[in-house]
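Worksheet for the structure shown next.
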Amino acid sequence: MGPRRLRIAAWLAAMLLAGVAVAAPPRVRIETSAGNIVVQLDAERAPLSVKNFLQYAADGFYAGTIFHRVVTGFIIQGGGYQEDLSLKPARAPVANESGNGLANHRGTIAMARSADPHSADAQFYFNLADNVALDPKPTRWGYAVFGTVVEGMDVVDEIGHRATTSRNDLADVPVQPVVIRKVVVLPDPGS
């Protein structure tokens, strides 16, 4: 092969490789009064949940919400209530993606919902343990996992050990509120 053909072949190979480049999974930093939590989101397996969460983050919705439910050894839940325990109005719910192959293992983030499997909107929770009971079964829906903690699991654990009480018809409310200051979408490390 002559030099001209080698240059053309190298150029074609470079163009093909450039077209194959895949963006890194999105990451967010949840800044709380207890410290920061960095989460890598799985947009490939939970596209609706990730898009929903990122839109709430972009809108600044989570600023001033709290972790209103702390169950030691189980979960910490937040993203819907404010410090006075008033519920922030959320957008329409997203479809349940619990059958996406992601499990409710320790350190994962998932969509909180009511008994209606398709009722998840803004609220989310972190798993403090492997909670297989929250995964889907052939006869029922589960809770959709959409990411994993990559930094700040110590913060999640610390929140998970907070003393709790009952307030305004809610159980397991931390005595000392943990406020979400903001959720920041982090830049792609490859860009």
**Fill in**
Exception for Ala92 within (1) within 20 Å of Thr164 (Cβ to Cβ); (2) out of contact with any helix residue (DSSP H, G or I) (no Cβ under 8 Å at 6 or more places or on another chain); (3) of a type in the set (A, V, I, L, M) falls at (1)
**Members of the stretch 100-124 that are assigned to a loop (DSSP other than H, G, I, E, B), within 15 Å of Leu48 (Cα to Cα) and either in contact with a helix residue (DSSP H, G or I) (Cβ under 8 Å, 6 or more places away or on another chain) or among the polar types (S, T, N, Q) (or both)** = Asn100, Ser119, Ala120, Asp121, Ala122, Gln123
**Item:** Counted residues, the stretch 23-62 - those being closer than 16 Å to Ala112 by Cα and in contact with a Leu (Cβ under 6 Å, 6 or more places away or on another chain)
**Value:** 1
**Asked** Does the stretch 78-99 hold any residues that are within 16 Å of the chain's Cα centre (by Cα), assigned to a loop (DSSP other than H, G, I, E, B) and within 20 Å of Phe67 (Cα to Cα), and which are they?
**Response** Pro93
**Asked** Just checking, which of Gly142, Gly147, Gly190 is touching a residue at least 40 places away in the same chain (Cβ under 8 Å), farther than 27 Å from Asn36 by Cβ and either in a loop (DSSP other than H, G, I, E, B) or in contact with a strand residue (DSSP E or B) (Cβ under 7 Å, 6 or more places away or on another chain) (or both)?
**Response** Gly142
**Asked** Does Val145 satisfy the criteria of being hydrophobic (A, V, I, L, M, F, W, C), closer than 17 Å to Ala110 by Cα and loosely packed, with under 14 Cβ neighbours inside 10 Å?
**Response** no
**Asked** Filter the stretch 125-139 for residues that are over 13 Å from the mean Cα position of the chain (by Cα) and not in a loop (DSSP other than H, G, I, E, B); which is surrounded by the most Cβ atoms within 10 Å (Cβ to Cβ)?
**Response** Leu134
**Prompt:** of a type outside the set (A, V, I, L, M), in contact (Cβ under 8 Å) with a residue 60 or more places away in the chain and surrounded by fewer than 22 Cβ atoms within 10 Å (Cβ to Cβ) - does that describe any residue in the stretch 63-71?
**Reply:** yes
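No lab work stands behind these numbers, since they all come straight from the coordinates. Source: prediction; values computed, not measured. Every residue, glycine among them, receives a Cβ derived from its backbone with ideal geometry; neighbour counts consider all protein chains shown.
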